[in-house]
1. At 1.4 Å probe size, with no ligands or nucleic acids counted, give the accessible surface of residue 24 in Å², nearest ten.
2. Assuming 0.36 nm per residue, please report the length gained on full extension of the stretch residue 24 to residue 139 beyond their Cα-Cα distance.
3. Using a basic spin-label model with each label point 7 Å from the Cα along Cα→Cβ, how many nm lie between residue 91 and residue 49?
4. Rounded to the nearest 0.05, what FRET efficiency do residue 124 and residue 4 have when you use their Cβ-Cβ distance and R0 = 41 Å?
Amino acid sequence: FQLVDTAAIQIVEALVDKTILATSEGSDTNRNVRVGEQVRYQLELLLPEGTTPGLRVIDELPEGLRLIQASDGSTESDVTYDAGTGISCTNQSPAISPAVQPVDGPQQVVWDFGTCDVAVASTDEQRTIRISYVAQVRNIAAVVDDTAANASPVDNGARLEIGGVLQPIDSVDLS
């Protein structure tokens, strides 16, 4: 006697989506930015149910952008999620690193959440973490002399690292 049963298994990956919330010129999402303009970005992470080990968000800011605000005047990032019903992370309010950003050149901004547990049967909203920050377009030759032949010095992207493994990048193109 042999019992055979089938089951469908769906593997849900963690996802990151990077968008522009507003700019300082007109408070819109226009991708044509000027020197000195501030751009408010949002990183939206959708986590799968269960445990996500070693969750880090890595944002790659090119030399044409400079991080100027990660929150309202504190050293912690502007991170929102529903910790009461859906997500519990080792680092509930992760500080950005490095704490002091370099003056010149590209920079990498990292939010380290540690291990995150997401309740079973959580809604998408309960499984979502949002990070927002402001970067400013720098007055450097690479920005001022931007041409179609060059890679834009203000295009940038974000990615997740889970358990030490980098995930695909999500990019935002500016001009």
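1. 60 Å²
2. The span from residue 24 to residue 139 would gain 39.8 nm if fully extended.
3. Distance between the two pseudo-spin positions: 2.8 nm.
4. 0.75
The values are calculated or read from the model by the stated rules, or taken from the named source; none is laboratory data. Please read all numbers here as calculations on a predicted model, not as lab measurements. Note that we place each Cβ from the backbone using ideal geometry, even for glycine, and neighbour counts take in every protein chain shown. To get the accessible areas, we keep the full protein, side chains included, count just its heavy atoms, and leave off ligands, DNA and RNA. Shrake-Rupley method; radii C 1.70, N 1.55, O 1.52, S 1.80 Å.
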